[in-house]
Structure formats: structure tokens, C-alpha cells
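First comes the structure, then the notes that go with it.
The numbers here are math on the coordinates, done by the rules we state, and not lab data. A quick note: this is a predicted structure, and the numbers were derived from the prediction, not measured. Cβ placement follows ideal geometry from the backbone for every residue including glycine, while neighbour counts extend to all protein chains displayed.
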Amino acid sequence: EGLGPQEYTGIKIKILELFNQDAKDLFNQHSLDLNQKNVYLVAATLRPETMYGQTCCFVSPKINYGVFDAGNNNYYITTIRAFKNMCYQKLTPQRGNYKPIFTISGQSLIGSKITAPLAINKQLYILPMETILEKKGTGIVTCVPTDSPDDYINMKDLKNKPEYYNIKKEWASPELIPLINTPKYGDKCAEYLCNFFKIQSPKDSVQLQKAKELAYKEGFFNGTMIIGKYAGEKVEFVKAKVKNDIVESGEGFVYYE
Ligand code: A2H
């Protein structure tokens, strides 16, 4: 990690329908009707150009998230720490105000139906990721299993052990859509590298770190988009364009930490 501030793209992932009864009760108590108000999970990403391939959104079952008024009938779910950061970057209604309307456990958000900007798969689910760090980004990670080794291996684990995670297998079974072709690792770079390093579980952090570095370098410097508006162009040049598209459409914003 560098010395300067890290730039993230915050991706607004809309909640369509809650699954868990505790979550439904909490939303009701606070008059947060999903038919009338836009409630978004905000995922922090370094790879906006991969958003076409989102297959779910991960929360940590161990984190308590804040639900915040973001103005204009919009509500954000993030860690309190992240919303505090945003409030000093003119991304929220009031500087210095980062008090949540209420807090909600990641656990009770699991199974909710969502829709994510640019995603080819239209209806996705919120799923658990135990390795999410509370002190990084928004504490919410959008899942792109073709290009992120962490996402690939977590998704695979969820699919293999739905009973253990207390989820429905179908939630973790969306189609994998190739987005980026790389000369070295093909068009599902994360799968290739997880196999190459024999990564078995989301907890294989040493091997995952190696896979992530290679995936990032190869994808960024040698990758070519094979989907979306910029198909045929080099990832190196597409990244900023997709980021700007997301910001201009209001489906996300840039923030620093
Ligand atoms: B990235 P950095 Cl396709 N805990 O987005 C764990 N991981 C987190 C996180 C948290 N609290 N917040 C964000 N992240 C993930 C896409 C992606 C990402 C791809 C490939 C690699 C990749 C889709 N997931 O990250 O430590 C988010 O996943 C490789 C590291 O600040 C975010 O970008 O560098 C990245 O890690 C931020 O990690």
C-alpha cells in the first residue's frame, strides 16, 4: 500500500427486498419502505471496470453497519467509520454529521435481493464474507469472481457449504461472466490463479496475496475488455472511463481514505 490516500469508487447497490425478519422489523420501525426510499449498500472497489461481472455483494456477518440518511430520499449502508470519512468529503448532506438512523448486523442483511450498477446479472443477493476487514473501505465488498481471487474463493466456499453458512445454494450460483481477457491467465483470471496456487479456502491468505498481485498486474497492464461499452479496449485505459460513467450516472462516487 502506498503512502498517499487510497482512492476508492463507492458503488451504490440497491436493496430490492429484505430476506431476514429482524431486518424487516428494523426497517419497518424506522419507516424505511423499500418501495418509497432508495436504500443502497455502498461497496468500495479499486476495479470499477469489473462491475459488469458482479455476482453478489458481500457483507461481514460480524460487522454492525450504520444505516444513514444520504439526502434526496437516498440511504446508505456502510460502516460508521466510512460514512464519517464521506461526510468530510462533501458526499453526505451535512459535514460532521455521521450519526446513523439505526445500526444493523451484516448477518441480518444476508439473503436480501439487490441490483448493482452495470452488472449483467440483474438480480443478485447479499452474501457473507468472513474475511472483510472493518477498517478498510466501507466494510462492503462487491463480488467479481472472474477477476478477484478473494471473491472467487469465497463464492466457491459458499457454494460448497451452503448449510455451514446458512444460505440457499441458489443465492451463490449466478453465472460467471468473463469480462477481461489476459494473455497469461485467460478470461477468468481469478479462477486460473486460485487453481495455480492451489488455494482451498478464503483463509489461505499468503497464497491469496500472491494470486491477487498477479491478477492485478496482468489484468491492469495486459488485459483487454471483452464486454460492455469499451469491449476491445485495454483495461489500463478503460478503468477511468468506467469510473467516470458510474459517477456521471449517479450510481457511485469517488472517495478517499
Ligand atoms: B476490489 P485495498 Cl475484480 N475487506 O473490488 C476486505 N477486502 C475489501 C474491503 C474490506 N473491508 N473493502 C474492499 N475490499 C476489496 C473488485 C476487485 C477488487 C477485483 C479484483 C481485486 C480487488 C471486486 N471485488 O481487490 O487493500 C475490494 O475488492 C484486490 C485487493 O484497499 C477492493 O477492490 O487495496 C479492494 O479489496 C481494496 O483493497
**Report entry** Gained length - Lys161 relative to Glu134, 0.36 nm times residue gap less alpha-carbon distance
**Finding:** 7.3 nm
Query - Segments 101-107, 122-128 sorted - mean Cβ within 10 Å per residue, highest first - result: 122-128, 101-107
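Counting only DSSP beta bridges with both residues in the range 1-154, what percent are antiparallel, rounded to the nearest 5?
Working: 24 of 31 bridges.
So the antiparallel bridges in the range 1-154 amount to around 75 percent.
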Query raised in the report: In Å and whole numbers, how far do the C-alpha atoms of the range 138-257 stretch along each principal axis, longest first?
Result: 40, 33, 30
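How large is the helix-only mean residue ellipticity at 222 nm for the chain, computed as the sum of -39500 (n - 2.57) over DSSP H runs with n ≥ 4, divided by its residue count, in deg cm²/dmol to the nearest 500? Walk me through the numbers before you get to the answer.
On the way: 8 runs with 72 residues, N = 257.
Estimated from H runs of four or more residues: -8000 deg cm²/dmol.
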Query raised in the report: Looking at the range 1-89, which trypsin sites (Lys or Arg not before Pro) are in a loop (DSSP not H, G, I, E or B) and have at most 13 other Cβ atoms within 10 Å?
Result: Lys62
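Where Rh is the Kirkwood radius over the Cα pairs of the range 92-148, the temperature 20 °C and the viscosity 1.002 mPa s, what D in µm²/s does Stokes-Einstein return? Provide the component values of the computation, followed by the final result.
On the way: Rh = 13.9 Å.
The Stokes-Einstein estimate is 154 µm²/s.
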Query raised in the report: What is the spin-label model distance, in nm, from Ser31 to Ser205 if the labels are put 7 Å beyond Cα along the C-beta direction?
Result: 4.5
Report task. Obtain the nm distance between the two label points defined at Gln6 and Arg95 by a simple spin-label model: each point lies 7 Å from its Cα along the Cα-to-C-beta direction. Result -> 2.6
Report summary line: In nm, the gap between the two label points placed 7 Å beyond Cα toward Cβ at Asn244 and Lys198 is 4.7
Query raised in the report: Which aspartates and glutamates does Lys99 reach when only Cα atoms under 15 Å apart count, and residues fewer than 8 places away in its own chain are ignored?
Result: Asp69
**Report entry** the range 68-197, relative contact order [Cα under 8 Å, separation at least 6], %
**Finding:** 19
Report task. Return a whole-number percent for the relative contact order of the chain, with Cα pairs under 8 Å and 6 or more residues apart as the contact set. Result -> 23
Query raised in the report: Residue-wise, which Karplus ³J(HN,Hα) couplings in Hz belong to the range 7-13, taking 6.51 cos²θ - 1.76 cosθ + 1.60, θ = phi - 60°, and x for glycine or proline?
Result: 8, 10, 9, x, 9, 8, 10
Report task. Over the range 145-257, calculate the relative contact order: mean separation of alpha carbon pairs under 8 Å at least 6 apart, over the residue count, as a percent. Result -> 25
Query - Residues Phe221 and Glu17, FRET efficiency given R0 of 35 Å [Cβ-Cβ distance, rounded to 0.05] - result: 0.30
Report task. Just need the Rg to Rh number for the chain, please, alpha carbons only, Kirkwood Rh. Result -> 0.95
Query raised in the report: Which of the pairs Lys12/Lys122; Lys113/Lys169; Lys37/Lys122 have their Cα atoms more than 18 Å apart in this structure?
Result: Lys37/Lys122
Query raised in the report: By DSSP, what percent of the beta bridges with both residues in the chain are antiparallel, rounded to the nearest 5?
Result: 80
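If you average 1/r across every pair of different Cα atoms in the range 33-158 and take the reciprocal, what Kirkwood value do you get, in Å?
Details: mean 1/r = 0.0673 Å⁻¹.
About 14.9 Å for the range 33-158.
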